[in-house]
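Report on one structure; see the data block that follows.
Laboratory data are not the source of any read-out in this text; all were calculated from the coordinates shown. Bear in mind that the values here come from a model prediction, so they are computed numbers and not experimental data. Here the Cβ positions follow ideal geometry from the backbone for every residue, glycine too, while neighbour counts run over all protein chains shown.
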Amino acid sequence: MKRLFLLLLPLMGTLGAAAWSGDVSIETPNTMLILHAGEGQDLRMAYYGLRVTGLQELRNAGADLNSSALPAFGTVDMVGLPALQVLHADGDLNLELRVDNYEVKAESASKTHIFTMQDKLQPVTVKVFYKAYDGVDIIETWTEIVNAEKKAITLKRYDSGHLVMRQGDVWITHMHGNWAAEAEPTSEPLTGGVKTIRNTDGTRNAHLDAPEVMVSLDGRPQENSGRVIGAALCWSGNFELRFNTISHKEHHFYAGIDPQSSEYVLDPKQKFETPHLALTFSNEGLSGASRNFHRWARTEGMTHRGMKTGDILLNSWEGLYFDIDEARMIAMMDDISKFGGELFVMDDGWFGDKYPRKDDTSSLGDWVVDKNKLPGGLGVLTKAARERGIKFGIWIEPEMVNTKSELYEHHPEWVLQTKGRELKLGRGGTQLVLDMTNPEVQDFVFKIVDDLLTQNPEIAYIKWDANASIQNFGSLYLPKDRQQNLYVDYHLGLLKTLQRIRDKYPDIVIQDCASGGGRANYGLLPYFDEFWTSDNTDALQRVFIQWGTSLFFPANAMACHINHCPYWNTGGRVIPIKFRCDVAMSGRLGIELQPKDMTDEERQQTSTCMADYKQLRQVVQTGDLYRLISPYDHKGVSSLMYVDDSHRQGVLFVYKIDNYYDQPIPRIRLAGLNPDATYTLTEKNVRVSQKPCSLSGKRFTGRFLMEVGLELPLREEYASRVFFIEN
Ligand code: DGJ
């Protein structure tokens with residue numbers, strides 16, 4: 001699915017149309033959202049959950065059915081928080097919406113329900129969309145605001161969606177984190193007042209706080225039980241998720257673009273489409289909600305990977321950092337092909353003519369090969385890859401520039417800035433963000449990719465990085481009375497450029513990277529195949545980071561690389577190669593080290609791991625995820641498994657994450673299997689110099705595996721096991 005948000009297109013107002021009333025059930029295979037409107041009323045939300053008979057059943061049960069589906073300031077409930085507020089051209093701050101029209105548009109795998117509302121006084125139209133999928137329990141919602149006034153209006157608040165939840169023991173789980181410590185699930189009960197989760201980085205929105213949240217309706221969040229609503233804002237820029245608890249009856253949830261410094265000016269005859277908010281409901285706990293998101297991601301939410309699996313790759317970054325040269329690149333290609341890998345990615349450090357990229361202080365913007373490092377150009381490298389039977393990939397950071405670059409010398413006006421203010425400099429003391437609102441900059445960014453791919457058609461993979469936030473708020477391109485549109489228009493420009501790239505290069509694999517997992521979001525995934533999960537490749541910490549990331553994102557989106565040890569990011573921690581391989585095998589496998597420095601044992605284990613992964617990867621990358629034991633529960637082990645659609649094959653991962661004497665280790669109880677089928681366990685990626693453990697080759701019923709569970713030999717520190725399970 002390709003989405004281009006925030007389209008600004010001419011449109012006519014619809015003042016004077018007749019009012020609509022009625023009720024509508026919006027359905028997915030297992031869930032239902034019920035909406036209704038009385039004559040002359042705005043749209044009301046009655047229910048979101050598992051399927052019920054309809055509105056009457058709720059009425060009979062005495063449920064409160066009158067919450068606004070999209071509370072607008074001035075319509076109802078002035079003590080609550082608005083999801084929408086408009087400053088009209090004449091200074092009026094109100095909207096009194098009534099539903100004028102309801103229509104349904106059917107597509108091949110979904111139905112979109114469109115409610116058109118009109119302000120009773122001003123010529124402003126608000127459309128609310130709900131797109132329900134036929135095959136997966138996801139409903140996307142978004143709004144469109146049409147300005148038919150004579151002058152510009154200001155969108156002071158323009159959320160994508162709003163949900164009402166019955167009060168109770170309701171908990172939220174959201175991803176908090178940092179660079180190298182992304183996606184730490186933080187769970188807390190909802191109490192009175194307002195809880196806000198937001199990110200104001202400007203370019204990246206998944207470090208610190210991420211634009212997704214799980215809401216557990218039945219008390220403390222459980223992985224495999226309880227009713228859960230999941231929400232992901234499909235947006236790559238600043239966002240705000242809000243929970244407002246003002247009465248004893250309801251929690252109100254709002255999600256949208258953060259309006260702070262972004263009260264959006266909308267010109268006459270223009271319409272503004274908000275990002276989509278993807279919602280799911282599951283009564284199978286957090287894992288159930290995650291599975292719904294993963295299925296949706298595979299079919300709709302990410303670019304063409306779908307059920308396709310990602311290649312096993314070697315990325316040069318942690319092995320060489322900026323120390324790239326032709327001989328080292330070719331040597332690395334030799335190594336990855338000998339291990340059984342399929343792709344080599346040359347990371348940062350390959351470019352710059354006048355200012356060769358030696359470290360992070362220069363050259364961004366000058367996307368020409370550094371002839372000192374690579375005298376034969378990229379052609380020599382793509383040829384070397386071809387000769388070794390592997391693919392070739394390359395790193396770029398197209399939205400950025402260093403002050404020490406030819407690009408900055410020629411186009412200082414292309415960077416985000418405010419005239420007269422001193423520039424605040426980012427990474428390397430010289431990095432700045434290009435002004436993606438400017439069509440000339442958009443063309444330049446498109447051309448970086450276009451030139452690379454037309455001149456080197458064998459490039460099969462691009463790693464697209466973004467290592468700076470917006471520190472200089474200001475655009476020399478946007479008019480002075482449109483500066484507040486910058487945060488939004490930056491991403492509009494980025495998405496437009498990505499769409500252009502996708503239109504011309506639909507097959508190129510592109511990794512979304514932003515200082516690690518800073519851009520793991522559903523705003524960008526429609527244009528990318530995967531993301532770099534974290535700059536922290538320490539396997540123990542990756543158990544935690546990948547766990548949190550998997551709450552919303554599927555395994556084939558998550559790049560997981562084996563690192564070298566001792567590892568600097570975690571103070572020189574040394575983790576056995578077997579554990580490092582097993583952790584990386586639970587996502588899209590790769591390696592991120594200098595193969596020359598590996599021991600024989602590391603080399604052998606890595607080869608075994610890659611060979612075994614090829615047998616498992618279809619199930620891992622496209623199967624259903626069941627998270628079994630959370631590393632955050634401190635039970636000594638963490639465990640997860642994937643099961644294919646037919647429930648005939650599964651892959652189980654178990655990691656020992658604490659180690660002490662007389663340690664109680666729980667039985668590993670599996671999930672997602674057919675209770676009546678008999679499964680054979682085969683241990684995979686067996687530690688070199690060891691035999692498969694005694695459980696390998698044994699047969700068990702699905703019922704036994706799920707009810708009783710396995711006692712796994714996990715004695716030593718960093719013990720880990722991978723099993724293929726087949727019926
Ligand atoms: C940040 C990324 O997350 C790393 O993987 C690496 O590509 C560096 N940037 C290169 O500068």
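What does the charge count around Lys271 come to, taking other residues whose C-beta lies under 14 Å from its C-beta (Lys +1, Arg +1, Asp -1, Glu -1)? Mind showing how you got there, number by number?
Details: positive: Lys127, Lys269; negative: Glu144, Glu149, Asp267, Glu273.
Around Lys271, the charge tally is -2.
In nanometres, what is the gap between the two model label sites at Ser696 and Asp323, each 7 Å from Cα along Cα-to-Cβ?
Between Ser696 and Asp323, the simple spin-label model gives 3.6 nm.
Bin width 5 Å, alpha-carbon pairs only: give the P(r) of segment 353-441 as whole percents, running from 0 to the bin holding the largest distance.
All Cα pairs, binned at 5 Å, distribute as 3, 13, 20, 20, 15, 12, 9, 5, 2, 1, 0 percent.
What percentages, rounded to whole numbers, describe P(r) for segment 64-165 computed over all alpha carbon pairs with 10 Å bin width beginning at zero?
Per 10 Å bin, starting at 0, the Cα pair percentages come out as 15, 45, 30, 10, 1.
Compute the Rg/Rh shape ratio of segment 329-378: radius of gyration over Kirkwood radius, all on alpha-carbon atoms.
Working: Rg = 12.8 Å, Rh = 12.0 Å.
Using only Cα positions, Rg/Rh for segment 329-378 is 1.06.
Please list, ordered by chain and number, the residues whose modelled amide H lies under 5 Å from the amide H of Ser475; skip anything fewer than 5 residues away on the same chain.
Here Gln417 satisfy the definition.
Return the lysines within reach of Lys249: Cα separation strictly under 24 angstrom, same-chain partners fewer than 8 residues apart disregarded; answer none if there are no such residues.
Lys195
Output the Cα-based Rg and Dmax of segment 449-589 in Å, rounding Rg to one decimal and Dmax to a whole number.
18.0, 58
Expected output is a single nm value to one decimal: the length gained when fully extending between Glu184 and Glu57, i.e. 0.36 nm times separation in residues minus the C-alpha distance. What is it?
41.7 nm
For segment 587-635, just say rounded, prolate or oblate: build the C-alpha gyration tensor, square-root its eigenvalues into a ≥ b ≥ c, call rounded for a/c under 1.5, and beyond that prolate if a/b exceeds b/c, oblate if not. All intermediate terms of the calculation are to be shown ahead of the outcome.
Working: a/c = 2.74, a/b = 1.54, b/c = 1.78.
Since a/c reaches 1.5 but b/c is at least a/b, the shape of segment 587-635 is classed as oblate.
Please state the shape class of segment 140-192: rounded when a/c is under 1.5, otherwise prolate if a/b exceeds b/c and oblate if not, all from the C-alpha gyration tensor.
Cα axes put segment 140-192 in the oblate bin.
Calculate, axis by axis, the spread of Cα positions in segment 589-716 along the three principal axes, and write the results as whole Å, longest axis first.
Each principal axis gives a Cα extent; for segment 589-716 these are 48, 38, 28 Å.
Using only DSSP helix segments of four residues or longer, with each worth -39500 (n - 2.57), what per-residue ellipticity at 222 nm results for the chain after dividing by its residue count and rounding to 500?
Per the formula, -5500 deg cm²/dmol.
For the chain, can you list the cysteines whose C-beta has no other cysteine C-beta under 4.7 Å from it?
Cys234, Cys513, Cys560, Cys565, Cys693
Sorted by average packing, counted as other Cβ atoms within 10 angstrom per residue and highest first, what order do 517-524, 104-111, 360-367 take?
Details: 517-524: 28.5, 104-111: 12.0, 360-367: 23.9.
With the highest mean Cβ count within 10 Å placed first, the list reads 517-524, 360-367, 104-111.
Under the 0.36 nm per residue contour assumption, what length would be gained going from the current alpha-carbon distance of Tyr661 and Lys151 to full extension?
Gain in length upon complete extension: 176.2 nm.
If you split all Cα-Cα distances of the chain into 20 Å bins from zero, what percentages do you get per bin, shortest first?
So the P(r) values, bin by bin, are 17, 49, 30, 4.
Go through segment 146-154 residue by residue and turn each phi into a ³J(HN,Hα) via Karplus (6.51, -1.76, 1.60, θ = phi - 60°); whole Hz please, and just put x for glycine and proline.
10, 9, 9, 6, 7, 10, 5, 10, 10
Expressed in nm², what is the orientationally averaged projection area of the convex hull enclosing the Cα positions of segment 208-283?
7.3 nm²
Would you work out the relative contact order for segment 68-135, in percent, from Cα pairs under 8 angstrom that are 6 or more residues apart?
Taking the mean separation of contacting Cα pairs over the length of segment 68-135, I get 23 percent.
Given 0.36 nm per residue, what is the gain on full extension from Thr191 to Asp507 after removing their alpha carbon distance, in nm?
109.0 nm
Assign unit charges at the C-beta atoms only (+1 for Lys and Arg, -1 for Asp and Glu), then state the dipole size of the chain relative to its Cα centre in Debye, rounded to the nearest 20.
Computed about the Cα centre, the dipole is about 920 debye.
Please list the three semi-axes, largest first and in whole Å, of the ellipsoid equivalent to segment 28-96, using sqrt of 5 times the eigenvalues of its alpha carbon gyration tensor.
Its equivalent ellipsoid spans semi-axes of 29, 12, 10 Å.
Given Cα pairs under 8 Å that are at least 6 residues apart, what percent is the relative contact order of the chain?
On the way: 1878 pairs, mean separation 76.7, N = 727.
Here the relative contact order equals 11 percent.
When the Karplus curve 6.51 cos²θ - 1.76 cosθ + 1.60 is applied with θ = phi - 60°, which whole-Hz ³J(HN,Hα) does each residue of segment 635-649 get, with x for Gly and Pro?
Per residue, the Karplus-derived 3J(HN,Hα) values read 9, x, 10, 10, 8, 8, 8, 10, 10, 6, 4, 7, 6, 9, 10 Hz.
Going by the alpha-carbon gyration tensor, a ≥ b ≥ c the square roots of its eigenvalues, is segment 656-727 rounded (a/c under 1.5) or, if a/c is not under 1.5, prolate (a/b greater than b/c) versus oblate?
Verdict is oblate for segment 656-727.
Calculate one ³J(HN,Hα) per residue across segment 131-136 by plugging θ = phi - 60° into the Karplus curve 6.51 cos²θ - 1.76 cosθ + 1.60, and present them in order as whole Hz with x for glycine and proline.
Each residue's phi maps through the Karplus curve to give 9, 9, 8, 6, x, 8 Hz.
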